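To start, the structure itself, in structure tokens.
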């Protein structure tokens, strides 16, 4: 079973592959907002039908939240057994007025790197998961079978902290366990070099509400004498970082390893252009710990970010109110052996210790997972690296990743299985932002990359 | 012309007066939200019709914003000429889910001090302005005329910084000028003692937007290296007050007078119970400058308050975003000779000086006025004080007021006219909050107070 005819088939079938992806992108599967639950269900059903059309035995698997999609396909007994993971849910689209077209009406438009598909989820992660599905479709069309045993797992809650994932993996461990997991939810390095992620940051997310007066107050009658919870919230969160960009929560850096010399040298060799990276988004000054390189700030250092803040009057005009509450959503990216449970506890203690005696804080948990490092000595890592290098020309790099893909850790701890993370997103794909896009070239070469990788297993 | 039969008439007509007020309260005249512009117009028309029914020559007077209501009534030539001011616009009603009934379906219910009228605007300021209208109606019904010359001015933009007020006063100065202005938009002292405000705080309001990255970013890809504007905003605003509760903006206290000994002694004699005042709203610790009394914090000291803050993702669930912008609405209560223009400039400089070089701040002005002191040596002050004392039993107090009623300053500077501020609101009226109410006893005794005051002019 050779790869070349599969690649030819992929090239010829590209318009149909784009049309299939557009169908999937039309489904508004925003997982974090309960209003879109039916759309998540519909996305899962669409995927099952598509997988079945390739001959994969796929089903919608209910969970207490949005459903999983699980599929199986047999292959040669001696061939490796691979689990492929992606997620069909997407981020909210607000602020929707900043989109140049309807986020759920996928348009193929001219982009900075040629033709691109603009829609919410095009890059994160519907476009990416379809690269693998299309590679399988082409192998099946050309050779009638795959050169490996395959299990598919598509999740519908990745953008909303994956509440159903751990129970589902635990309950279905025997069915899902494979030799290696392939996770396609990451990007190229600097938009041109294929990359395999060997280091992932974890994530702890917390919502905090500061309660002050029992009701909203008029700032004329109470201003000056009554404590304003927005004042408390800004004072506390304003001290989250020191002048050197370090997070000030006591114990926050417990378990954070220093970068080993070999990896530091590899990363230096990548020639990361932080001025361009930041300049592309209108910034210029690395905001993290001032004694670290910009690449360390993203890949190997923990962070604390305020992802949302609100309180008082935020509408048109002015309202001179002292609100009863003020709120913030804060997330921490974790690395090394930082313990998500300890970080959450330290954050809560740190907030609580700073409150005036007549205010109180209320916390709402929103999931958490530690950072992880991949098993780069697994033979499939080098095979995949070779396939990527052949397809893209540039040598594929082993890199870190600032994002949190807790699934890799769960595969390790629950299924005792290593994971390989690669993907074809570009830095300017605007994931989680208005005008998300996935370049047609990335989609096309992504499909071809997986086809080559499957060819290595033949 | 004696007052007693007027008071009897007021007592007998109270149910009708309440019904008239309820009619006015049903009109959703929220001035800050353009969606309710028609309702503001409707409130003005309702008032004109009601004033005309008493024989006051009233008209709706258009402005670039919401209209004014102006009315005139002749009286004895030798009698004083009085201008009565109130405002028919109201605050927004959010969070509407915290109301026990529809804010615009006025209900007479049992309250903490007997029967009360629950509706947005019942206390601030529709109920208050109707106390004077009802007193005039009763004088007219009993005696056929008023014992003074009267001009009425009702504004529809008091809750949205009064953009049309100064031009309107300037253009119509000759028509509006009188011997003294009566302003009914304040409250009783500690909910039982009638009070005349002799000191008012001014107000400067500013909206600030911190611009960071050119678009919303994913905190996995950019977190740690890209500056988050919420981090900038919380750090800057978190330093707005020092540990002693003082505002830290350079020059902020320029022009703030110390309290003179006589007034300090008067205020001490009032026996202000700050523990109860704060305890009533679930607080306990005076939040202002720690070397000042709680009454000074409210009446004679300037403040800086964050009235609203927002940025990033604030919906259900979590979104690990670094937003492009973060926003806050900040207001300053001013006293003495603090210059609103200088305060605004100092605030803007203070923010700008603290920004990282790759962030910028944008400011939106929202009106401003300095603090003011009343001409307590005007003979009508002592006459009004006597009328209030007769009606309420407790001696009427000369007090300060934490709120900002810039109209008093405008009357002085534009119309060269002093103003007397009194009113019958209670501390627990929930003005600007859910479940605003105006006690029937306050409405009733308020009408009787004005009737007695008119009697002093006869």
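A few points about this structure:
- Just one of the numbered conditions (1) more than 7 Å from chain A (Cβ to nearest Cβ); (2) buried (at least 24 other Cβ atoms within 10 Å of the Cβ) is not true of residue B:292: (2).
- Residue check, residue B:44 part of a helix (DSSP H, G or I), surrounded by 19 or more Cβ atoms within 10 Å (Cβ to Cβ) and in the same structural domain as residue B:177 (by TED's automatic domain parsing): yes
- Residues that are surrounded by fewer than 21 Cβ atoms within 10 Å (Cβ to Cβ) and out of contact with any helix residue (DSSP H, G or I) (no Cβ under 7 Å at 6 or more places or on another chain) were ranked within segment A:194-216; the one that is farthest from the other protein chains (Cβ to nearest Cβ) is A:209.
- Test: residue A:76 is in the same structural domain as residue A:183 (by TED's automatic domain parsing), more than 26 Å from residue A:440 (Cβ to Cβ), at pLDDT 95 or above and in a loop (DSSP other than H, G, I, E, B): no
- Test: residue in segment B:332-341 that is out of contact with any helix residue (DSSP H, G or I) (no Cβ under 8 Å at 6 or more places or on another chain), in a helix (DSSP H, G or I), more than 7 Å from every other protein chain (Cβ to nearest Cβ) and free of Cβ contacts under 8 Å to residues at least 12 places away in the same chain: no
- Test for residue A:17: is it surrounded by fewer than 22 Cβ atoms within 10 Å (Cβ to Cβ), within 21 Å of residue B:315 (Cβ to Cβ) and either modelled with pLDDT of 95 or more or within 14 Å of chain B (Cβ to nearest Cβ) (or both): no
- The set of residues in segment B:104-147 being assigned to a loop (DSSP other than H, G, I, E, B) and surrounded by fewer than 24 Cβ atoms within 10 Å (Cβ to Cβ) consists of B:104, B:105, B:113, B:144, B:145, B:147.
- Scan segment A:342-378 for residues that are free of Cβ contacts under 8 Å to residues at least 60 places away in the same chain and over 30 Å from residue B:287 (Cβ atoms) and the total you get is 2.
- For segment B:226-256, filtering for residues that are in contact with a strand residue (DSSP E or B) (Cβ under 9 Å, 6 or more places away or on another chain) and at the interface with chain A (Cβ under 9 Å from one of its Cβ atoms) leaves 12.
- Only one entry in B:412, B:456 is surrounded by fewer than 24 Cβ atoms within 10 Å (Cβ to Cβ) and over 23 Å from the mean Cα position of the chain (by Cα), namely B:456.
- Selection count, segment B:130-154, where residues are free of Cβ contacts under 8 Å to residues at least 60 places away in the same chain and touching a strand residue (DSSP E or B) at 6+ places or on another chain (Cβ under 6 Å): 0
- Residue in segment A:225-242 that is surrounded by fewer than 17 Cβ atoms within 10 Å (Cβ to Cβ) and part of a loop (DSSP other than H, G, I, E, B) present: yes
- Test set (1) in the same structural domain as residue A:85 (by TED's automatic domain parsing); (2) surrounded by 23 or more Cβ atoms within 10 Å (Cβ to Cβ) - residue A:359 fails condition number: (1)
- Residue selected from segment A:302-323 under the condition buried (at least 24 other Cβ atoms within 10 Å of the Cβ) and closer than 28 Å to residue B:405 by Cα, by the criterion farthest from the other protein chains (Cβ to nearest Cβ): A:323
- Residues in segment A:47-69 that are in a loop (DSSP other than H, G, I, E, B) and without any contact (Cβ under 8 Å) to a residue 24 or more places away in the chain: A:62 only.
- Residue within segment B:413-431 that is under 23 Å from residue B:332 (Cβ atoms), out of contact with any helix residue (DSSP H, G or I) (no Cβ under 8 Å at 6 or more places or on another chain) and touching a residue at least 24 places away in the same chain (Cβ under 8 Å) present: no
- Looking across segment A:22-31, the residues that are buried (at least 20 other Cβ atoms within 10 Å of the Cβ) and either part of a helix (DSSP H, G or I) or within 14 Å of another protein chain (Cβ to nearest Cβ) (or both) come down to A:24, A:25, A:29, A:30, A:31.
- The set of residues from segment B:168-190 being over 22 Å from the mean Cα position of the chain (by Cα), assigned to a helix (DSSP H, G or I) and either in contact (Cβ under 8 Å) with a residue 60 or more places away in the chain or not assigned by TED's automatic domain parsing to the domain that holds residue B:443 (or both) comprises B:173, B:175.
- Taken over segment A:256-288, the criterion of being under 29 Å from residue A:342 (Cβ atoms) and in contact with a helix residue (DSSP H, G or I) (Cβ under 7 Å, 6 or more places away or on another chain) is satisfied by A:259, A:267, A:286, A:288.
- Of the residues making up segment A:163-186, at least one is farther than 23 Å from residue A:132 by Cα and within 11 Å of chain B (Cβ to nearest Cβ).
- Applying the condition of being part of a strand (DSSP E or B) and more than 14 Å from chain A (Cβ to nearest Cβ) to segment B:371-409 and asking which residue is surrounded by the most Cβ atoms within 10 Å (Cβ to Cβ) yields B:397.
- In the set (1) assigned to a loop (DSSP other than H, G, I, E, B); (2) in contact with a helix residue (DSSP H, G or I) (Cβ under 9 Å, 6 or more places away or on another chain); (3) surrounded by fewer than 24 Cβ atoms within 10 Å (Cβ to Cβ), the condition left unmet by residue B:151 is number (1).
- Residues that are in a loop (DSSP other than H, G, I, E, B) and more than 7 Å from chain A (Cβ to nearest Cβ) within segment B:271-289 comprise B:271, B:272, B:273, B:280, B:289, listed in sequence order.
- Check on residue A:368, modelled with pLDDT under 95, in contact with a helix residue (DSSP H, G or I) (Cβ under 8 Å, 6 or more places away or on another chain) and buried (at least 18 other Cβ atoms within 10 Å of the Cβ): yes
- The condition (being out of contact with any helix residue (DSSP H, G or I) (no Cβ under 9 Å at 6 or more places or on another chain), more than 30 Å from residue B:430 (Cβ to Cβ) and within 14 Å of chain A (Cβ to nearest Cβ)) is satisfied by just one residue among B:219, B:160: B:219.
The values are calculated or read from the model by the stated rules, or taken from the named source; none is laboratory data. Computed from a predicted structure; not experimentally measured. Cβ atoms come from the backbone with ideal geometry, glycine included; neighbour counts cover every protein chain shown.
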